[in-house]
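Only one structure is covered here, and it is reproduced in the block below.
The values are calculated or read from the model by the stated rules, or taken from the named source; none is laboratory data. Values in this document were obtained by computation on a predicted structure and should not be read as measured data. Here Cβ is always computed from backbone atoms with ideal geometry, including for glycine, and neighbour counts include all displayed protein chains. What goes into the accessible areas is simple: the full protein's heavy atoms, side chains included, and nothing from ligands, DNA or RNA. Shrake-Rupley method; radii C 1.70, N 1.55, O 1.52, S 1.80 Å.
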Amino acid sequence: MTTVLVTGGCGFIGSNFVRHLLATDPAVHVVNFDALTYAGNLANLTDVEGNPRYTFVKGDVTDRDAVRAAMKGVTDVIHFAAESHVDRSIQDSGPFLKTNVIGTQVLLDAAREFGVKKYVQVSTDEVYGSLGDTGLFTEETPLHPNSPYSASKAAADLLVQAYQHTFGLHAVVTRCSNNYGPFQFPEKLIPLFVTNLLNDQQVPVYGDGMQVRDWIHVLDHCRGVEAAWRSGKSGEVYNFGGKCEKANLHLTHLLLDLLGKPKSLIKYVADRPGHDRRYAIDCTKAERELGWQPLVPFETGLRETIEWYQANAAWIAAIKNKDYLAYYEKQYGGR
Ligand code: NAD
Ligand code: TYD
């Protein structure tokens with residue numbers, strides 16, 4: 001049997017990935033290794049609890065002993081665990097360097113030691129920096145990370161490639177654009193704005209709101225990570241994107257329309273320091289070499305995502321009762 005160690009499986013993308021893999025491959029056992037930080041939520045996977053092919057291990061990727069203990073019997077590693085929010089990395093980069101860089105090093109060492117067959121590093125298009133009005137990121141675009149978050153992810157990517165080159169570890173790196181979908185922690189743009197608007201609260205648009213992101217449904221990303229794991233060539237990088245560029249302000253207007261809320265709920269706030277202007281992905285390599293393509297049309301995916309947040313008020317309330325409110329008061333209080 002294939003036993004996959006999925007790190008960060010209680011987060012947004014990791015939990016969608018674990019559910020997807022268990023549902024589509026009866027020959028796979030998933031070991032979900034997650035520290036349950038503010039972003040990790042056992043409630044994201046209650047539906048797979050009790051599945052005999054699923055094991056949860058609470059542990060920190062920077063803890064060498066815990067990682068080595070979890071690695072016994074593991075054939076493959078798919079590494080999602082990370083500190084993932086740019087705004088938090090601007091407030092304090094320490095946890096980003098520790099988890100994203102040192103955590104990756106610890107995992108790579110253990111993967112080598114335990115003879116793991118395949119290692120997948122789940123990375124981000126943000127390592128390429130910012131685009132102007134035209135052009136797309138390809139896998140050949142030089143790394144130019146601009147935030148502490150993206151710098152920590154770029155460092156981890158380089159470490160993975162160095163281990164692949166030096167030790168012959170079978171490793172691939174995936175770089176995806178902005179994800180949306182169910183179970184996303186309401187600090188990122190779409191779930192923050194949807195959950196605020198559902199409560200008739202204002203939504204903070206940074207700067208002029210004309211920054212562009214390329215949106216992809218989380219299940220399209222999960223299918224991409226799976227394809228890179230199964231068919232990716234060792235040492236290669238694969239970009240994934242939704243071919244769906246939207247300026248933040250246009251997306252905000254779309255959310256207001258879909259939810260039937262007035263424009264007066266838009267609150268323009270100070271821009272994010274060092275804010276990347278535009279991300280857009282060329283994913284022809286993944287289409288050509290992995291037979292992958294994004295399938296979920298944005299408006300359909302967005303409507304379903306809104307419906308999911310509407311139907312899961314208890315999930316939102318439980319999160320917003322935690323450290324969330326204190327954090328957001330600190331974050332936006334002065335803006
Ligand atoms: P998330 O913040 O929702 O979840 C992160 C998960 O990792 C949580 O369950 C958390 O508990 C766990 N974690 C954090 N630190 C840990 C540690 N030290 N040890 C063990 N577990 C730890 O993140 P996400 O949005 O699901 O992103 C997952 C991965 O995908 C990240 O590597 C991120 O860089 C990458 N990515 C995200 C996006 C996006 O749009 N969200 C896009 C491209 C790539
Ligand atoms: P985010 O969801 O934090 O993802 P990333 O910074 O990794 O792309 O932000 C998406 C875009 O939305 C980004 O341009 C910043 C902007 N944004 C706001 O305008 N207001 C907000 O409250 C948030 C969280 C983001």
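Things to note:
- Scope the range 259-271; condition surrounded by 15 or more Cβ atoms within 10 Å (Cβ to Cβ) and more than 16 Å from residue 206 (Cα to Cα); matching residues: 259, 261
- Any hit, the range 1-8, residues being near ligand 1 (Cβ under 9 Å from one of its atoms), of a type outside the set (Val, Ile, Thr) and surrounded by 15 or more Cβ atoms within 10 Å (Cβ to Cβ): yes
- Selection within the range 109-136 - within 13 Å of ligand 2 (Cβ to nearest atom) and under 20 Å from residue 228 (Cβ atoms): 123, 124, 125, 126, 127, 128
- Of all residues in the range 1-34, those satisfying the criterion of being away from ligand 2 (no atom under 16 Å from the Cβ), of a type in the set (Val, Ile, Thr) and not in a strand (DSSP E or B) are 18, 24.
- Whenever a residue of the range 192-215 is among the aromatic types (Phe, Trp, Tyr), its partners that are more than 16 Å from ligand 1 (Cβ to nearest atom) and open to solvent by 20 Å² or more (accessible area, probe 1.4 Å), lying with C-beta atoms within less than 6 angstrom and at least six residues away or across chains, give the pairs 206/271.
- A residue that is surrounded by fewer than 17 Cβ atoms within 10 Å (Cβ to Cβ), under 25 Å from residue 227 (Cα atoms) and aliphatic (A, V, I, L, M) occurs nowhere in the range 38-51.
- Any hit, the range 117-125, residues being open to solvent by 10 Å² or more (accessible area, probe 1.4 Å), among the charged types (D, E, K, R), within 11 Å of ligand 1 (Cβ to nearest atom) and within 20 Å of the chain's Cα centre (by Cα): no
- Residue 93 being closer than 26 Å to residue 16 by Cβ, of a type in the set (Gly, Ala, Ser) and touching a helix residue (DSSP H, G or I) at 6+ places or on another chain (Cβ under 7 Å): no
- Residue list for the range 131-153, filter: in contact with a strand residue (DSSP E or B) (Cβ under 8 Å, 6 or more places away or on another chain), open to solvent by less than 50 Å² (accessible area, probe 1.4 Å) and not aromatic (Phe, Trp, Tyr): 131, 132, 138, 139, 150, 153
- Qualifying positions in the range 55-67 - under 21 Å from the mean Cα position of the chain (by Cα) and either farther than 18 Å from residue 83 by Cα or among the small types (Gly, Ala, Ser) (or both): 56, 57, 59
- Residues satisfying the criterion are absent from the range 51-63 (criterion: within 16 Å of ligand 2 (Cβ to nearest atom) and closer than 27 Å to residue 175 by Cβ).
- Selection from the range 16-37 of residues that are β-branched (Val, Ile, Thr), open to solvent by less than 10 Å² (accessible area, probe 1.4 Å) and within 11 Å of ligand 1 (Cβ to nearest atom): 18
- Only a single criterion out of (1) in contact with a Phe, Trp or Tyr (Cβ under 9 Å, 6 or more places away or on another chain); (2) part of a helix (DSSP H, G or I) is not satisfied by residue 162, namely (1).
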